[in-house]
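Contents: one structure, followed by commentary.
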């Protein structure tokens with residue numbers, strides 16, 4: 001078991017959210033919005049999708065050293081499950097479900113040298129004659145995968161039914177059960193089909209060095225989640241603390257904080273990011289003994305990228321929060337709290353902070369998507385994540401050249417796009433529902449007569 | 001068109017509405033099957049509490065309802081022409097031209113980046129094809145008609161350079177631009193001071209006499225309606241429950257709801273029979289000031305002060321109520337908040353129960369906060385929307401009596417809710433689930449929680465309907481009787497003063513110009529301003545008779 005820095009932070013974050021959830025779950029006024037989320041179809045479906053991504057990300061965050069002589073390699077649990085995918089790489093590009101490479105090569109055939117598409121080493125190697133029966137084979141394998149998925153799903157269904165029977169005596173009625181089950185069914189079946197097929201084919205093709213694109217896209221989930229969550233984790237305390245303090249105390253506190261963020265804002269963010277990434281590279285070069293394996297180095301770079309992205313991106317939210325706090329501090333309930341002798345820090349925590357949280361929530365989700373995209377932009381100028389790290393940004397960056405090829409290599413870009421789209425869309429929809437549910441003034445909370 | 005109205009006899013109605021119903025979505029109808037008629041040259045008033053559907057009725061006549069509303073009516077006819085059959089384009093020619101409309105809030109009804117001259121001119125051009133000179137002449141004429149002082153100069157002013165009353169005059173000028181046969185005035189004076197209100201009402205009357213147009217007044221204020229209207233219809237829950245001539249309605253109301261409204265109306269007479277019994281003083285304020293600095297320039301140098309409260313002295317007796325009366329901007333709210341030390345820049349001697357509050361700071365100030373509490377005007381912004389009512393009430397207990405444990409605190413909250421007449425389960429609900437009157441009760445409970453000796457009530461009833469206002473005032477009086485609390489009751493409504501106060505102080509431009517017992521100030525006022533204020537209050541006609 002090896003613990004990388006980002007792994008530790010991810011599990012810390014998970015622990016924190018679980019304990020917050022545990023602390024809040026029996027508070028009656030929190031239960032109501034939570035039940036409202038549980039009843040919302042969109043909310044639960046997007047939550048299931050998010051949790052699925054999260055599960056993959058967590059599987060990919062459990063790192064260990066395989067028992068192999070002489071190797072200094074660190075792999076994750078996900079890598080271990082996907083060993084065939086990881087190791088069966090081709091020579092170069094091949095299209096999804098292809099049995100040959102994407103471009104012609106000189107190959108030796110029956111003693112002759114022929115200019116033709118060479119067969120793949122792994123993709124579809126079980127087929128004797130790929131020209132015939134490929135479609136049938138794919139359909140047959142997909143059907144098998146489907147059955148496998150259904151079996152998994154039934155096992156899962158039985159398990160959850162037993163658990164919910166033991167816990168509640170019956171299925172809880174507030175639950176948006178059918179859409180959740182449908183989503184779960186779809187997710188499980190699709191992943192079963194893909195996994196089963198990927199034993200025999202490269203379902204999303206291979207990239208320039210022959211690596212499986214499906215594997216890359218799945219591995220990128222963790223990078224996306226890390227960049228989205230850890231950056232937010234670094235950015236939020238800065239933005240909330242400075243924004244609220246500036247708005248609440250005004251005077252010289254406000255002047256200092258405003259000065260700080262206007263200064264920071266006028267330095268190009270790319271410059272700071274480039275400087276910090278170079279700095280960490282130099283540091284790692286000087287302390288080579290501490291960073292022996294590639295994955296440790298890549299992880300350090302990812303962590304630093306998150307940090308510097310967080311430090312450069314808090315100003316926008318800070319400004320919003322300052323303005324909102326300026327408005328809130330003049331509200332009559334804040335004055336009433338003063339009149340009741342409530343201390344200033346209690347006013348900040350009880351009256352100001354909860355009333356700016358909706359802004360925080362919205363901007364966090366919007367930032368989450370823009371951060372995943374920012375990673376792509378930074379990879380483009382070589383100051384993003386390490387080139388050895390799998391990320392949608394790196395995939396999209398690579399697609400620059402692939403799109404210029406004739407014929408076009410479209411699968412890397414499409415795979416990155418579909419995965420990123422699913423994650424960001426689910427996050428956006430879920431945030432919408434959460435915000436609605438926690439807004440006490442929104443419709444659906446019947447008035448009290 | 002103008003000739004047409006004159007030819008009309010009283011038998012043919014100007015506007016008649018038959019079986020009008022309006023509903024939003026699939027909910028209960030907001031306006032429920034109402035019919036009424038309006039004759040040329042008369043003043044018709046639609047009276048009701050907030051949410052009774054009176055504004056929606058007016059908007060549905062002009063078909064200005066929001067998109068999700070559905071309108072059903074047998075007919076809405078203007079001088080025999082059925083408005084329901086007109087297309088949107090044809091109706092546009094009626095809006096403003098034959099039916100003018102004035103809204104409540106003159107702040108948001110005028111465009112802040114256009115001069116008032118341009119805004120009136122826009123309305124004139126809309127209805128009459130005049131030359132530029134003609135338009136200018138007509139604008140000036142209109143501004144003279146609404147008695148805007150110095151219309152020649154004012155024509156180039158922007159809305160923010162005008163006072164509230166002047167803005168409402170401009171709004172009336174815009175409504176009159178089309179020479180309408182009918183003017184709908186939707187709460188035209190609700191956001192104005194009482195002296196300005198009297199001026200605007202007098203103006204509306206005189207314009208009506210000049211032009212012979214009909215006036216449809218929509219109001220919640222029965223006293224105001226009784227001085228203005230020829231005929232009155234009372235609305236409740238979207239229905240017209242009673243409709244008769246003004247003199248009949250106010251002397252012999254038939255419907256129980258009308259009677260309830262009339263009974264809830266605070267009356268000036270009630271101030272007469274209060275016994276002026278001397279009690280020891282609780283709060284003594286001497287030479288109190290609140291000055292706001294005016295800062296200018298790069299280094300925000302202080303160049304002067306706004307003297308919002310300028311040398312006020314007053315005394316409140318134990319278990320009694322002092323009403324602080326004045327028009328908006330006179331500094332009464334500033335004084336109230338200044339007494340609680342909520343405003344920086346206030347100074348002067350404040351003694352409560354012998355304890356000198358002046359100059360207290362930090363922890364010392366915080367500890368004595370329990371003595372004076374405050375109830376605010378706006379029941380919507382005075383409670384944190386994200387806190388439970390129970391937590392809101394318990395907040396002061398937690399801050400000032402940290403020794404009280406959670407169980408006892410819960411018991412106190414339950415008891416307080418009961419005292420202000422709310423159910424126990426209210427503690428686990430959010431403020432937005434309550435009506436305005438209920439929220440004000442919660443605010444009172446919050447103030448009571450720390451057992452104050454004095455509560456500053458800053459217009460606690462002016463955002464409430466008249467029947468709810470009566471309930472809240474009764475609650476305040478009951479609490480005073482039970483617990484011997486004193487009130488500093490800040491208000492602009494002299495009738496409420498008569499209901500609740502023992503003593504009155506009249507404030508004008510940061511100074512107190514007259515104070516004394518209720519009977520003395522309200523019925524034998526000495527100062528010219530007090531006299532003007534009292535004479536401007538609309539009084540129910542039957543009382544005068």
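What is the percent of Cα-Cα separations in segment B:6-93 that go past 19 Å? That tail contains 41 percent of the Cα-Cα pairs.
Classify segment B:270-544 from the C-alpha gyration tensor, please: rounded if a/c falls under 1.5, else prolate or oblate depending on whether a/b exceeds b/c. Oblate shape, in that a/c is at least 1.5 and b/c is the bigger or equal ratio. Relative to the longest principal axis of the Cα atoms of chain B, the long axis of helix B:116-127 makes an angle of roughly 30 degrees. By the helix-only formula, in which each DSSP H run with n ≥ 4 contributes -39500 (n - 2.57) and the sum is divided by residues, chain B has a 222 nm mean residue ellipticity of -10500 deg cm²/dmol. Footprinting exposure proxy ranking of A:266, B:52, fewest other C-beta atoms within 10 angstrom first, gives A:266, B:52. Over the C-alpha atoms of segment B:235-303, the Rg to Rh ratio, Rh being the Kirkwood estimate, stands at 1.38.
Cα centroids of segment A:159-224 and segment B:52-86: 56 Å apart.
Need one number: the % of Cα-Cα pairs in chain B sitting beyond the 33 Å mark. Cα-Cα pairs of chain B separated by over 33 Å account for 50 percent. When the P(r) is computed for segment A:54-180, the part past 24 Å accounts for 59% of the Cα-Cα pairs. Axis angle, to the nearest 10 degrees, between helix A:177-198 and the longest C-alpha principal axis of chain A: 30 degrees. Measuring nothing but alpha carbons in segment A:239-289 and taking Rh as the Kirkwood radius, the Rg to Rh ratio lands at 1.25. Quarter the surface of the alpha carbon convex hull of the protein assembly as shown and you get the mean projected area, 55.6 square nanometres. Shape call for segment B:152-191 from the C-alpha gyration tensor, a ≥ b ≥ c root eigenvalues: rounded (a/c under 1.5), prolate (a/b greater than b/c) or oblate? Cα axes put segment B:152-191 in the oblate bin.
Ordered by the count of other Cβ atoms within 10 Å of each Cβ, fewest first, A:164, A:89, A:76 give A:164, A:89, A:76. Exposure proxy ranking for B:170, A:226, A:48, A:162, based on other Cβ atoms within 10 angstrom of each Cβ and starting from the fewest, stands as A:162, A:48, B:170, A:226. In this calculation the C-beta distance from residue A:327 to residue B:93 is compared with R0 = 30 Å, giving a FRET efficiency of 0.10. For chain A, the equivalent ellipsoid derived from the Cα gyration tensor has semi-axes of 45, 30, 19 Å, listed largest first. Computed with the Debye formula from one identical point scatterer per Cα of segment A:213-438, without solvent, the log10 of I(q)/I(0) at q = 0.07, 0.09, 0.11, 0.17 Å⁻¹ comes to -0.30, -0.47, -0.67, -1.18.
Antiparallel beta bridges, as assigned by DSSP with both residues in the protein assembly as shown, represent about 60 percent of the total such bridges.
For helix B:436-448, report the angle its Cα long axis makes with the longest principal axis of the Cα atoms of chain B; keep it between 0 and 90° and round to the nearest 10°. Tilt relative to chain B: about 10 degrees.
Bear in mind that the values in this text are calculations on the coordinates, not laboratory data. The structure displayed is predicted, hence computed values, not measured ones. Methodologically, a virtual Cβ is constructed for each residue, glycine included, from the backbone with ideal geometry; neighbour enumeration extends over all protein chains shown.
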